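Input: a single structure, listed below in structure tokens.
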Amino acid sequence: MTKKGGIRLIKNTIYHVKCKKRDMVILTGDVQALSSKGQYEVAGKILDYAEKIGAELVLTIGGYSTGKLNEKRRLYGVATHEEVMEWLKKNGVEFGIARGSIVGAAGLVPALAKLRNIKGACLMGETHGGYVDVKAANEMVELLARLLGFVIDTKKLETKAKEGEKILKKIEEEVQKNMITPYEPTGGSVSYIR
């Protein structure tokens, strides 16, 4: 549904961007396939296109939920090839720390890319996981700009991140203020449990 009440089909959109270091093809999408079969089918089509245009590297991005708020959001990664891992490490990406499974296209596309002799990695921004984390998104955009050699103005993103941090701090303060104080025994006998 559109914001004004209209309707349109869901879609994936491909953008071709000329950068200093290399050309970049960006894929964005509305939703992911709901079934495993659909996930593999869509990932296969993406990689068919990557092969057709001669892509050498596939990067996917996502979030890594920690359930905590840290001032500086860390950037984690997994990669298909050692040289990709080393390149990303030099740019501040940490490896071997994130645990678990990567759900959906973010994990599937680079894993299947390796089977087609295309290098791949999934980059994950550390996030609380309970809200849209603009600060983590900003860290990821800055990383991609360094990696791929493009310039992007992140002032609006930084402003939104600061606003979001203020709101989160207020929420934390409210939660702390409204927490129930722990039970302290009074020394009397308890005749019933409420």
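The values are calculated or read from the model by the stated rules, or taken from the named source; none is laboratory data. Model, not experiment: these values are computed from the prediction. Every residue, glycine as well, gets a Cβ built from its backbone with ideal geometry; the counts of neighbours run over all protein chains shown.
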When residues of the range 52-74 are limited to those that are farther than 19 Å from HIS128 by Cβ and of a type in the set (Val, Ile, Thr), the one surrounded by the most Cβ atoms within 10 Å (Cβ to Cβ): VAL58
Would you confirm whether any residue within the range 148-169 is under 15 Å from ARG73 (Cα atoms), acidic (Asp, Glu) and modelled with pLDDT under 70? yes
For the subset of the range 65-116 comprising residues that are touching a strand residue (DSSP E or B) at 6+ places or on another chain (Cβ under 8 Å) and of a type in the set (S, T, N, Q), which member is nearest to LYS162 (Cα to Cα)? ASN70
Evaluate the range 35-51: report whether one residue or more is within 21 Å of ALA113 (Cα to Cα), among the charged types (D, E, K, R) and loosely packed, with under 10 Cβ neighbours inside 10 Å. yes
Can you give me the number of residues within the range 113-151 that are on the phi > 0 side of the Ramachandran plot and assigned to a helix (DSSP H, G or I)? 0
Under 9 Å between Cβ atoms, which residue pairs at least 6 apart in sequence (or on different chains) link something in the range 87-104 that is surrounded by 11 or more Cβ atoms within 10 Å (Cβ to Cβ) with a partner that is among the polar types (S, T, N, Q)? ILE102/THR60; VAL103/GLN32; GLY104/GLN32; GLY104/GLN39
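With respect to GLY77, is the statement that it is under 23 Å from GLY130 (Cβ atoms), in contact (Cβ under 8 Å) with a residue 40 or more places away in the chain, crowded, with 17+ Cβ neighbours inside 10 Å and not aromatic (Phe, Trp, Tyr) true?
yes
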Out of ALA98, ALA106, I need the residue that is under 20 Å from VAL141 (Cβ atoms), under 15 Å from the mean Cα position of the chain (by Cα) and assigned to a loop (DSSP other than H, G, I, E, B). Which one? ALA98
If we scan the range 38-47, do we find a residue that is of a type in the set (Ser, Thr, Tyr) and touching a Ser or Thr at 6+ places or on another chain (Cβ under 9 Å)? no
